[in-house]
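Shown next, in structure tokens, is the structure this report addresses.
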Amino acid sequence: MFDAPYYAALGLSSIHEKVLSGRRLSFDDGLALFNCPDITAVGALALHARRRLHGDAAFYVVNRQINYTNVCVNGCTFCAFRRDEDEEPGAFRLSKEDILERLRAARQSSLHLDELHIVGGCHPKLRLAWFEDVLRTVRGLYPDLPLKAFTPVEIEHFARLEGISSQEVLQRLQAAGLVMMPGGGAEIFDEKLRPQICPHKADAAAWLRISGEAHALGIKTNCTMLFGHLENYAQRVDHLCRLREQQDKSGGFTCFIPLPFLTENSRLKLPEERLGPQSGLDRLRTVAVSRLMLDNIPHIKAYWIMMGPKLAQTALWYGADDLDGTIVEERIGHMAGAESSQGMTITELENMIRQSGFRPVRRNAVFETMPPDAPGERKPAEARP
Ligand code: V47
């Protein structure tokens, strides 16, 4: 970390002191960090906070992502993944058998999965009973595979479709095997901006309420922020403060994922000052400020698919402690122009972490550390059911 006079020269004395003594940063502190001309000074503060929580550990997960459909009633302007209806070119909807086939393929490649991440568009016809059946079947076949599925936006959609409360939807999915929820759909909470990028999606209050309801039931969840589109720094800091406030109340957020907006095939037009190659430095700064503001959320993920692997490595020095996982098949980022590959092996992820100077730690969907001898890339004969 830089010394106190250096932070004083940057006008960040009180932030420096707060970070050293582990005290909470204010909204204005968050803004000052976004506006600070020296990003390395901001990064060093975030590295300090990250090391206090996790030392030299950097987490990854052996997982598969399954997007069950891209048909979605929401029509968010940023989204390159969605299609209007089943018949539109490029639209897809997986059957239960398609999902099971993907899991069988994972098993044949000798991977013992520690997370199955299931998300999709808000399909107008897929009913809750279908999702319960999918979860129950997967749990029956793979009882020790943690099921991470459905954002608060999907939960709200199911509740509307079924005419029941979001709490009841959560209870039914939990009974079917849901243990963890991904953090998508938060986008940007600001009430003026949200209607411009996702006019029909669950609003900020609903997203936060449903996260709280999940936490009350013992379902852990993640949280995200989509940045680098139309929002300003104040709207980013506001978003982080609302997540922190919700976490003070309900305590179940495990990991925060800042998602840089990828522009290909998107209807959202960027403002003049954001045209051209996207700023890697802005991504690193956003990771760092997130680590510093979200003092009550244990993990910050540099999602290698959307950040790109090289920047995700660097982000470990700017406050991130998790990279996500092996993945194998990813659609949301790739339909929007993500240049990363579709998946990585355990060896590649561990090398990536070691090359960055950190210690790889394998974890599962709920961030339980997997024992060092947890089965990984094993020969098929040894594969567990
Ligand atoms: O909610 C959509 C974002 C999210 C674009 O919880 C885009 O562990 C960038 O939330 N450019 C879904 N981002 C993905 C997500 C996620 C991913 C990995 C791990 C976890 C977790 C959560 O993707 C959406 C939206 O915010 N998104 N389109 C785009 N063009």
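Structure values in brief
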{"read-out": "Under 5 Å, built H, 5+ apart or other chain: amide partners of Thr69", "value": "Leu94, Gly121"}
{"read-out": "Solvent-accessible surface (1.4 angstrom probe) belonging to Val328, in square angstrom, nearest 10", "value": "70"}
{"read-out": "Charged-residue dipole, Cβ positions (Lys, Arg, Asp, Glu), region 93-176 about Cα centre, Debye nearest 20", "value": "180"}
{"read-out": "Mean-position separation - Cα centroids, region 196-263 and region 74-153, in angstrom", "value": "22"}
{"read-out": "Among Gly121, His200, Val289 the positive-end extreme of the charge dipole of the chain (Cβ point charges)", "value": "Val289"}
{"read-out": "Convex hull per residue volume in Å³, alpha carbons only, for region 15-103", "value": "196"}
{"read-out": "Under DSSP loop assignment and at most 15 Cβ neighbours within 10 Å, longest GluC sites (Glu not before Pro)-free interval of the chain", "value": "88-190"}
{"read-out": "Probe 1.4 Å, all protein chains present, accessible-area order of Met1, Met344, largest first", "value": "Met1, Met344"}
{"read-out": "Rounded to 5, the percent of DSSP beta bridges in the chain classed as antiparallel", "value": "10"}
{"read-out": "Helix axis angle, 39-54 relative to the chain longest principal axis, alpha carbon, degrees", "value": "60"}
{"read-out": "Theoretical FRET efficiency, 1/(1+(r/R0)^6), r = Cβ-Cβ of Asp28 and Leu100, R0 56 Å, to 0.05", "value": "0.60"}
{"read-out": "Lys, Arg +1 and Asp, Glu -1 on Cβ, resulting dipole of region 211-265 about Cα centre, debye, nearest 20", "value": "160"}
{"read-out": "Region 152-208: equivalent-ellipsoid semi-axes (sqrt of 5 x gyration tensor eigenvalues, Cα, Å)", "value": "23, 12, 8"}
{"read-out": "Electrostatic dipole magnitude of the chain [Cβ: Lys, Arg +1; Asp, Glu -1; Cα centre; debye, to 20]", "value": "500"}
{"read-out": "Using alpha-carbon coordinates, inclination of helix 280-293 to the longest axis of the chain, degrees", "value": "90"}
{"read-out": "Size-normalised alpha-carbon gyration radius of region 75-229, reference 2.2 N^0.38 Å", "value": "1.06"}
{"read-out": "Derived scalar couplings ³J(HN,Hα) [region 24-34; Karplus, 6.51 cos²θ - 1.76 cosθ + 1.60; whole Hz; x for Gly, Pro]", "value": "6, 8, 8, 3, 4, 4, x, 4, 4, 5, 5"}
{"read-out": "Anchor Lys249: lysines whose Cα lies under 18 Å away (excluding residues fewer than 8 positions away in-chain)", "value": "Lys220"}
{"read-out": "Cysteines (scope the chain) whose Cβ has no counterpart Cys Cβ under 4.7 Å", "value": "Cys36, Cys72, Cys122, Cys223, Cys241, Cys255"}
{"read-out": "Peptides 41-49, 356-364, 76-84 ordered by average Cβ neighbours within 10 Å, highest first", "value": "41-49, 76-84, 356-364"}
{"read-out": "Residues whose placed amide H lies under 5 Å from that of Leu259, excluding near-sequence neighbours", "value": "Met225, Leu226, Phe227"}
{"read-out": "HN-Hα J in Hz across region 236-249 - Karplus 6.51, -1.76, 1.60, θ = phi - 60°, x for Gly and Pro", "value": "5, 5, 4, 4, 5, 5, 5, 5, 5, 5, 4, 5, 4, 7"}
{"read-out": "Pairwise Cα inverse-distance average, inverted: Kirkwood Rh of the chain (Å)", "value": "21.2"}
{"read-out": "Angle between the chain longest axis and helix 128-141 axis [Cα atoms, degrees, rounded to 10]", "value": "90"}
{"read-out": "Nearest-10 value in Å² for the accessible area of Ile257, using the 1.4 Å probe", "value": "10"}
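The values are calculated or read from the model by the stated rules, or taken from the named source; none is laboratory data. Everything quoted here is computed from the prediction, not taken from an experiment. Glycine gets a Cβ as well: all are built from the backbone with ideal geometry, and neighbour counts include every protein chain shown. Remember, those area values only see protein heavy atoms, side chains included, never the ligands or the DNA or RNA. Shrake-Rupley method; radii C 1.70, N 1.55, O 1.52, S 1.80 Å.
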